[in-house]
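The structure appears below as structure tokens.
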2 protein chains.
Amino acid sequence: MKSGERVSVRRVGELGLIRRIRDLAVGAGAPGVLTGIGDDSAALAITPGATLLATTDLLIERVHFRRPAATPRDIGWKAMAVNLSDIAAMGGRPRFALVALAVPPSAEVGDVEELYQGMQEVSRPHGVAIVGGDTSSSPGGWMINVTVLGEHAGSPRLRSAAKPGDAVAVTGVLGRSAAGLAFFDAGRDQARAAGLGPEAEEEITRAHLRPTPRVSEGRWLGSTPGVHAMMDCSDGLATDLGHICRESGVRARVGLDRLPVAEAARAAAAALKADPIEWAAAGGEDYELLLTCDPTAVEELGRGLKDATGTLLTAIGEIEPGGAGVVFIDGRGRPVAMPAGYEHFRG
Amino acid sequence: MKSGERVSVRRVGELGLIRRIRDLAVGAGAPGVLTGIGDDSAALAITPGATLLATTDLLIERVHFRRPAATPRDIGWKAMAVNLSDIAAMGGRPRFALVALAVPPSAEVGDVEELYQGMQEVSRPHGVAIVGGDTSSSPGGWMINVTVLGEHAGSPRLRSAAKPGDAVAVTGVLGRSAAGLAFFDAGRDQARAAGLGPEAEEEITRAHLRPTPRVSEGRWLGSTPGVHAMMDCSDGLATDLGHICRESGVRARVGLDRLPVAEAARAAAAALKADPIEWAAAGGEDYELLLTCDPTAVEELGRGLKDATGTLLTAIGEIEPGGAGVVFIDGRGRPVAMPAGYEHFRG
């Protein structure tokens, strides 16, 4: 059957669906996969002596994504990407994925296939095989839980490893995902009317729907001396750096004028009369890597990362001793309050 | 805060909830746990040279369980138990669990705590640590996804390893979970009026709500020569043995009069005017281990398993060459049709 054909999951049944998924998720035969989809558990081999890394994330329709703004391919991409990002944040190498999916019986098989294609699109370039999972009917919308297993040959980079005197640095650029969310939420007509160009629109919507996990960057940073604490920016820089501070028992000072705000986010903010600095500092879901490092190493790390992966590293602040917390300062050294990042269960 | 106190998840917020879960799920410090809940990924050590096993299962309210028939503690128990059973079915040793949970903001913190207590109750005796997870709000009912990682020092037992001439055997007794389901579905008053005793009621409802994963049995069988194919009975003997036949390219003959039907299931069937043999052959969710083995080894395996774990092993049929499929025969050798097991998306 061709991808996209309009046949319901109800019609092919659970076994028919699992057969299609098994064909799509060609984990069997991939390196380290002794037994993939089709047995009670996957049987896997990791590199001898490596530390095993494991992370899991649940994405739920109307909480984490909205259809049809997000296509099945987008949903699959993002569900996989956020887990790859968690392994990258430890400095590890992602290896295997397990996927549990629940869809209503009326869901189209072609949509489920596209969801798997979205997952493969972001995972296959990194050699990650889908090796197992679960399928279920859903009484409501779509739900997808992805677990990714990875490995680290040395010491994973933890949130608790920041030291007073460290530089704080971030990969890539910030604010694009928040700009994309604002665009989808209410801003499409306004942004276009205000002259937001198609390239900037494409960049911010893609950043929101199909974020790029910094897998190569994480592996490089995770095996390079001088990198202390690391995590990914999923809940917003303010919230995430707050986690590093709390786990490490330190505080951080971040210069708002030092943040690498994406040009496309600046353009969208101008069109939408929003603050691009706030998007960059508190917006979340950029999936850049946030790290602390030896202050004497930060320039060399930046050059090395650029050479190895093409990705920028920007120093944005410093770690200080004492009480946990993040202080943002403006260009004149004055503290600026930032809204808290997204939190489930509230408002 | 005491367990069971009536405070909503909305009130404590996501971070407050994670803090409570972190206190409950004492994975940090357990053997092999380098980093547990609180970082981007868990960092774990498995036994050098062992094969890694990984399985995941999603349980959804109104699909897999109904409240209040199932309490939060029951839901937690079952979500963990079905994954432990999958590792046992490979003959492996479960080590670590990751838990993704979505609940509505109005959910009570005490209920979430009880759910984790249910998970711990069934996992802790086997030395399994909860090392990570995810929390989210749910727009509908409760959803819980558990991933369990395990290991096997030798060769995991696969569904594809059945050989013509093998004996087919099953641990424990069958039919209790289906009896429990019938009791909850419509039969409570009828069963009690017909004189079903409280002990049988307790046994069948417990089998349905809190099935016992055969972890010790799986580890013993998975390291004992002569055991070929193995899996757990989750979808019903007929469906599950069908999987072994399809994966192994063989067929199976099973004597209905050889099935180890639970006495409590017989009592419930008598009270509910149902067929206990059908519950045992097609009912599902007994989570017993189903295996094929060298026919000359089956008696010795039975004695060994009984000595090691106290659990019965019953030979119920034979593997034959040729076309996939399961044939059930009655006491006179006549084939008997069995209804198919539960399938998602249908009916």
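The values are calculated or read from the model by the stated rules, or taken from the named source; none is laboratory data. Computed from a predicted model, the values in this text were never measured in an experiment. For neighbour counting, all protein chains shown are included, and Cβ atoms are generated from backbone atoms with ideal geometry for every residue, glycine included.
Table for the structure above
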item: Residues of region B:47-72 satisfying the condition of being at the interface with another protein chain (Cβ under 10 Å from one of its Cβ atoms) and outside any strand (DSSP E or B); result: B:Pro48, B:Gly49, B:Ala50, B:Arg62, B:Val63, B:His64
item: Checklist (1) farther than 19 Å from B:Cys233 by Cα; (2) more than 8 Å from every other protein chain (Cβ to nearest Cβ) applied to B:Gly91, failing item; result: (1)
item: Some residue of region B:34-44 being within 11 Å of chain A (Cβ to nearest Cβ), without any contact (Cβ under 8 Å) to a residue 12 or more places away in the chain, assigned to a loop (DSSP other than H, G, I, E, B) and over 28 Å from the mean Cα position of the chain (by Cα); result: yes
item: Residue within region B:203-222 that is in contact (Cβ under 8 Å) with a residue 40 or more places away in the chain, more than 30 Å from A:Ala45 (Cβ to Cβ) and of a type in the set (Ser, Thr, Tyr) present; result: yes
item: When residues of region A:170-181 are limited to those that are in contact with a helix residue (DSSP H, G or I) (Cβ under 6 Å, 6 or more places away or on another chain) and aliphatic (A, V, I, L, M), the one surrounded by the fewest Cβ atoms within 10 Å (Cβ to Cβ); result: A:Leu181
item: Which listed residue is outside any strand (DSSP E or B), at pLDDT 95 or above and either surrounded by fewer than 24 Cβ atoms within 10 Å (Cβ to Cβ) or assigned by TED's automatic domain parsing to the domain that holds B:Ala252 (or both), from B:Ser85, B:Ser160; result: B:Ser160
item: Tally, over region A:117-153, of residues that are out of contact with any Asp or Glu (no Cβ under 6 Å at 6 or more places or on another chain), within 11 Å of chain B (Cβ to nearest Cβ) and not in a strand (DSSP E or B); result: 3
item: Flag for A:Ile75 being touching a residue at least 40 places away in the same chain (Cβ under 8 Å) and at the interface with chain B (Cβ under 10 Å from one of its Cβ atoms); result: no
item: Leading residue by the ranking (modelled with the highest pLDDT) among those in region A:120-147 that are of a type in the set (D, E, K, R) and under 21 Å from A:Arg214 (Cβ atoms); result: A:Glu121
item: Among the residues listed as B:Ala229, B:Ala252, B:Ala265, the single one being among the aliphatic types (A, V, I, L, M), in the same structural domain as B:Arg188 (by TED's automatic domain parsing) and not in a strand (DSSP E or B); result: B:Ala265
item: Output for region A:294-317, where each listed residue is in a helix (DSSP H, G or I) and without any contact (Cβ under 8 Å) to a residue 24 or more places away in the chain; result: A:Glu299, A:Arg303, A:Lys306, A:Asp307
item: Condition broken by B:Arg159, with the remaining ones in (1) touching a Leu at 6+ places or on another chain (Cβ under 7 Å); (2) charged (D, E, K, R); (3) within 11 Å of chain A (Cβ to nearest Cβ) satisfied; result: (1)
